[in-house]
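Where a number appears in this text, it was derived from the coordinates with a stated rule and is not lab data. What you see is a predicted model, and the numbers here were worked out from it, not measured in a lab. Quick reminder, even Gly has a Cβ in these numbers, built from the backbone with ideal geometry, and neighbours come from all protein chains shown.
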Amino acid sequence: MVVRVFVAGGSGVVGRHLVSQLVARGHQVTASTTSSAKLGRLQEQGAEAVLMDGLDAAAVGEAVARAHPDAIVNEMTALSEAHAGKPNMRRPERYFAITGRLRSDGTDHLLAAAEATGVSHMVAQSGALFNLTRQGGPVKTEQDPLEVPVGMKEISHLEEVVVKAGGAVLRYGTLYGPGTSDDQARFVRKRMFPLVGGGAGQLSFVHVEDAATATVLAIEERARGVFNIVDDEPATAREWLPYMAECMGARPPRRVPAWVARLLAGEMVVAMMTEGHGFSNSKAKAVLGWELRYPSWRQGFRHEYA
Ligand SMILES: NC(=O)c1ccc[n+]([C@@H]2O[C@H](COP(=O)([O-])OP(=O)(O)OC[C@H]3O[C@@H](n4cnc5c(N)ncnc54)[C@H](OP(=O)(O)O)[C@@H]3O)[C@@H](O)[C@H]2O)c1
């Protein structure tokens, strides 16, 4: 069945892979950007392209009404330098400020537009980068509480209102692959991304193409509830970081004690590298029938960085 899909943030890192995959499966796509320079690329991908500021309720209402979709996907974040300035993890609340508003106000505007236009399904991006909760097993499921150092209020709001509206929340792991953070790769290559403390903190990764595939399934299946969209293998910093460097042909990362990293990079980075827990993807595989092209970051890093 052809689905008419409105992708808010269709020009973003997940959005652009999602638009291509939706078009390839025969769906009709309207995709938004805030930049007129990006309209042409979205059209070349086969989408109807629209300019929309997700923080402007009237603009969102108008864009959604005009597209009259069956489903809305919220892929809006403001994490690129163009929107958030240079990443500064010592001031994460500043770096994540607009993204927080897109998650709270932006989601509310999309839900209001959905209601006004009679759109019955929404899928929204959340995050499963790492979880600090001590509750539950070592690998966190959707049943365990989600604890992150910043942006919790907005993430909780997004998840609550989307689930309440009968939609799906997709907690993407740390993305890698085409279009994702070049900075991180550059720093690892230059040996400027050190291992902090014992490096026992876990991350969950997901290749951006696999994240887009899971999103297509969530739309087609009209999924409801929260899903961790991560690969099969949570990775400790002491495993993934030297492995990434090795794939790049770079020297192994330096090591710094946690107190030094706290001063240089801030609490969030220390928590991620020393205390974080990864996530389980069992629910997404079982309910969505999701099959990963890169079940482990080990294959994915080799493919992307070698
Ligand atoms: N889970 C993860 O690991 C994760 C998730 C998201 C992003 N990231 C990382 O963050 C970096 C930047 O991500 P990105 O390339 O997707 O860029 P981004 O700046 O986060 O933008 C994402 C999307 O949101 C749109 N957007 C931004 N502000 C908006 C607003 N006020 N109203 C409506 N739409 C708005 C952007 O449109 P425009 O065309 O106007 O820019 C774009 O389509 C990448 O390195 C990526 O890997 C990681």
Give the residue, chosen from GLY46, GLY40, that is without any contact (Cβ under 8 Å) to a residue 12 or more places away in the chain and surrounded by fewer than 24 Cβ atoms within 10 Å (Cβ to Cβ).
GLY40
Given the structure, is VAL270 part of a helix (DSSP H, G or I), in contact (Cβ under 8 Å) with a residue 24 or more places away in the chain and surrounded by 21 or more Cβ atoms within 10 Å (Cβ to Cβ)?
yes
Can you pull out the residues in the stretch 168-194 that are surrounded by fewer than 19 Cβ atoms within 10 Å (Cβ to Cβ) and more than 14 Å from the ligand (Cβ to nearest atom)?
ARG189, LYS190, ARG191, MET192
Every pair of residues 6+ apart whose Cβ atoms lie under 6 Å, when the first sits in the stretch 98-121 and is over 19 Å from ILE219 (Cα atoms) while the second is away from the ligand (no atom under 16 Å from the Cβ)
SER104/HIS157
Exclusive hit being out of contact with any Cys (no Cβ under 8 Å at 6 or more places or on another chain), surrounded by fewer than 16 Cβ atoms within 10 Å (Cβ to Cβ), hydrophobic (A, V, I, L, M, F, W, C) and closer than 25 Å to LEU132 by Cβ, set TRP297, TRP259
TRP259
Do you know which residues across the stretch 20-71 are part of a loop (DSSP other than H, G, I, E, B), polar (S, T, N, Q) and under 19 Å from HIS83 (Cα atoms)?
THR34, SER35
Candidates GLU147, GLU44 - the one that is under 23 Å from ALA211 (Cα atoms), within 16 Å of the ligand (Cβ to nearest atom) and of a type in the set (D, E, K, R)
GLU44
Residues in the stretch 74-100 that are among the hydrophobic types (A, V, I, L, M, F, W, C), within 11 Å of the ligand (Cβ to nearest atom) and not in a helix (DSSP H, G or I) total 4
Of VAL19, VAL29, which residue is crowded, with 24+ Cβ neighbours inside 10 Å, more than 13 Å from the ligand (Cβ to nearest atom) and free of Cβ contacts under 8 Å to residues at least 60 places away in the same chain?
VAL29
Report, by residue number, each residue of the stretch 227-267 that is among the aromatic types (Phe, Trp, Tyr) and not in a helix (DSSP H, G or I).
PHE227
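For the stretch 175-226, which positions are of a type in the set (Val, Ile, Thr) and closer than 17 Å to HIS17 by Cα?
Of the residues in the stretch 175-226, the ones of a type in the set (Val, Ile, Thr) are 180, 188, 196, 206, 208, 213, 215-216, 219, 226.
Those that are of a type in the set (Val, Ile, Thr) and closer than 17 Å to HIS17 by Cα: THR180, VAL206, VAL208, THR213, THR215, VAL216, ILE219.
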Evaluate the stretch 160-174: report whether one residue or more is out of contact with any strand residue (DSSP E or B) (no Cβ under 8 Å at 6 or more places or on another chain) and in a loop (DSSP other than H, G, I, E, B).
no
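What do you reckon, is GLU62 over 16 Å from the mean Cα position of the chain (by Cα), more than 13 Å from the ligand (Cβ to nearest atom) and touching a residue at least 12 places away in the same chain (Cβ under 8 Å)?
Details: over 16 Å from the mean Cα position of the chain (by Cα): yes; more than 13 Å from the ligand (Cβ to nearest atom): yes; touching a residue at least 12 places away in the same chain (Cβ under 8 Å): no.
It is false that GLU62 is over 16 Å from the mean Cα position of the chain (by Cα), more than 13 Å from the ligand (Cβ to nearest atom) and touching a residue at least 12 places away in the same chain (Cβ under 8 Å).
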